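Participant: Take a look at the following structure, please.
The values are calculated or read from the model by the stated rules, or taken from the named source; none is laboratory data. On a predicted model such as this, the values are computed, not experimentally measured, just so you know. Note: ideal-geometry Cβ built from the backbone for every residue, glycine included; neighbour counts use all protein chains shown. Protein only, heavy atoms only, side chains kept; ligands, DNA and RNA dropped before computing areas. Shrake-Rupley method; radii C 1.70, N 1.55, O 1.52, S 1.80 Å.
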Amino acid sequence: MKSVSENGSFSGLASVFGNVDLGGDVVVAGAFSKSLADRGSEIPILWQHDARQPIGLGKLKETNSGLLIEGQLVM
C-alpha cells in the first residue's frame, strides 16, 4: 500500500507471489483461490490483528501479481 485517500479508501497487495519472506517461505499463484471461494472475499480490517478492534472492510482478489486488497477504513 502506498497511500490512503482522505476518505480512507486504499488498495495494495497483501501478499506478493514469488517473493521469499524472512522465514524463507514463498507464496505461489493460486494459494488463495480455495479460501476466497469457500469464505468469500470480504474481510474485516483489524487494528494490530485484534478481532475486537475492526477499523474497516476490505475486499480480496487474487491477481497475477498476488493477493490484492481494496479497502475502506472507518475515518
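Participant: All but one of (1) open to solvent by less than 60 Å² (accessible area, probe 1.4 Å); (2) assigned to a strand (DSSP E or B); (3) of a type outside the set (Asp, Glu) hold for Gly30; which doesn't?
Facilitator: With respect to (1) open to solvent by less than 60 Å² (accessible area, probe 1.4 Å); (2) assigned to a strand (DSSP E or B); (3) of a type outside the set (Asp, Glu), Gly30 is out only on (2).
Participant: Checking Val4 against (1) modelled with pLDDT of 95 or more; (2) out of contact with any Gly (no Cβ under 7 Å at 6 or more places or on another chain), which test does it fail?
Facilitator: (1)
Participant: Can you tell me how many residues in the range 37-52 are touching a residue at least 12 places away in the same chain (Cβ under 8 Å) and either open to solvent by less than 50 Å² (accessible area, probe 1.4 Å) or part of a loop (DSSP other than H, G, I, E, B) (or both)?
Facilitator: We begin by selecting, within the range 37-52, every residue touching a residue at least 12 places away in the same chain (Cβ under 8 Å); these are 41-45.
Those still in the list that are either open to solvent by less than 50 Å² (accessible area, probe 1.4 Å) or part of a loop (DSSP other than H, G, I, E, B) (or both) too: 41, 45.
The number of residues fulfilling the criteria is 2.
Participant: Sticking with this structure for a sec: Looking at the range 1-27, which of its residues are assigned to a loop (DSSP other than H, G, I, E, B) and open to solvent by less than 70 Å² (accessible area, probe 1.4 Å)? Before the answer, list the steps.
Facilitator: Let us first name the residues in the range 1-27 that are assigned to a loop (DSSP other than H, G, I, E, B), namely 1-8, 17-19, 21-25, 27.
The answer is Val4, Ser5, Gly8, Phe17, Gly18, Gly23, Gly24, Val27.
Participant: Turning to a different aspect of this structure: Which ones in the range 53-66 are surrounded by 16 or more Cβ atoms within 10 Å (Cβ to Cβ) and touching a helix residue (DSSP H, G or I) at 6+ places or on another chain (Cβ under 9 Å)?
Facilitator: Leu60, Glu62
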